[in-house]
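To keep things clear, I will list the structure first and then write my remarks on it.
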Amino acid sequence: CKIMPIQVFDNGMCTFSSIASGIMYAIHNGAHIVNVSIGPSFQGLDQIPISEQQKIAEMYFKNEERVYRHIIKTANEKNVILVFAAGNDNIMTAILPECRSVEKSINVAAVASDFKSSNFTNYSVGTNISAPGVNIYSSFPNNSYKILDGTSMAAPIVSGTIALMR
């Protein structure tokens, strides 16, 4: 397996268009699996009932959803597997527009060492697999390592597993 790192942040900032461009770059330049461990935060949304969250998932972020549908369609046509981190806001995963096509992408929630959902992971509609995402020893900027939590720790485990299987 080889890694194709793609820079989508610029001075600590990341736009939707840079994420979309980065994914498309990977798809068109030989990647077989694309791990996307980045996305928006919806802090506070966990305070509303899941039925209201479902309405948000159905009504909002339609432009982003259209872009992700195109990205996912292109990936599927080129036999590229997209793996998305489900998010860390303890809300319905389908609020994230990239996680609405569960039949065409892999959307990863996080579990703790007891195999129970972490207290932060997004869940329900939009998620189709879970992986370890609590107390993960990971690389960190400036040639260092750190113990981290998040679906951004879980998604690469799934991506790496798929790469080895492929």
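Values as computed for the structure displayed
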quantity: Evaluation of residue 88 against (1) of a type outside the set (Ser, Thr, Tyr); (2) more than 30 Å from residue 117 (Cα to Cα); (3) in contact (Cβ under 8 Å) with a residue 60 or more places away in the chain (one fails), failing number; calculated: (2)
quantity: Residue 86 being under 26 Å from residue 149 (Cα atoms) and open to solvent by less than 10 Å² (accessible area, probe 1.4 Å); calculated: yes
quantity: Within region 98-125, tally of residues that are open to solvent by 80 Å² or more (accessible area, probe 1.4 Å) and touching a residue at least 60 places away in the same chain (Cβ under 8 Å); calculated: 0
quantity: Residue list for region 26-66, restricted to those being touching a residue at least 40 places away in the same chain (Cβ under 8 Å), within 15 Å of the chain's Cα centre (by Cα) and within 15 Å of residue 101 (Cα to Cα); calculated: 36, 64
quantity: Conditions (1) at pLDDT 95 or above; (2) within 16 Å of the chain's Cα centre (by Cα); (3) surrounded by 19 or more Cβ atoms within 10 Å (Cβ to Cβ); (4) of a type outside the set (D, E, K, R); number of the one not met by residue 6; calculated: (3)
quantity: Hey, residue 22 open to solvent by less than 40 Å² (accessible area, probe 1.4 Å), over 25 Å from residue 118 (Cα atoms) and of a type outside the set (D, E, K, R) or not; calculated: yes
quantity: Qualifying residue in region 48-69 (condition: among the aromatic types (Phe, Trp, Tyr), in a helix (DSSP H, G or I) and closer than 21 Å to residue 109 by Cβ); calculated: yes
quantity: Whichever residue in region 126-138 is open to solvent by less than 80 Å² (accessible area, probe 1.4 Å) and hydroxyl-bearing (Ser, Thr, Tyr) and, among such residues, is farthest from residue 110 (Cα to Cα); calculated: 138
quantity: Conditions (1) open to solvent by less than 80 Å² (accessible area, probe 1.4 Å); (2) of a type in the set (D, E, K, R); (3) under 22 Å from residue 129 (Cα atoms); number of the one not met by residue 69; calculated: (1)
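The values are calculated or read from the model by the stated rules, or taken from the named source; none is laboratory data. All of these numbers come straight from a predicted model, not from anything done at the bench. Virtual Cβ from ideal backbone geometry, glycine too; neighbours counted across all protein chains shown. SASA here: full protein model, heavy atoms, side chains in, ligands and nucleic acids out. Shrake-Rupley method; radii C 1.70, N 1.55, O 1.52, S 1.80 Å.
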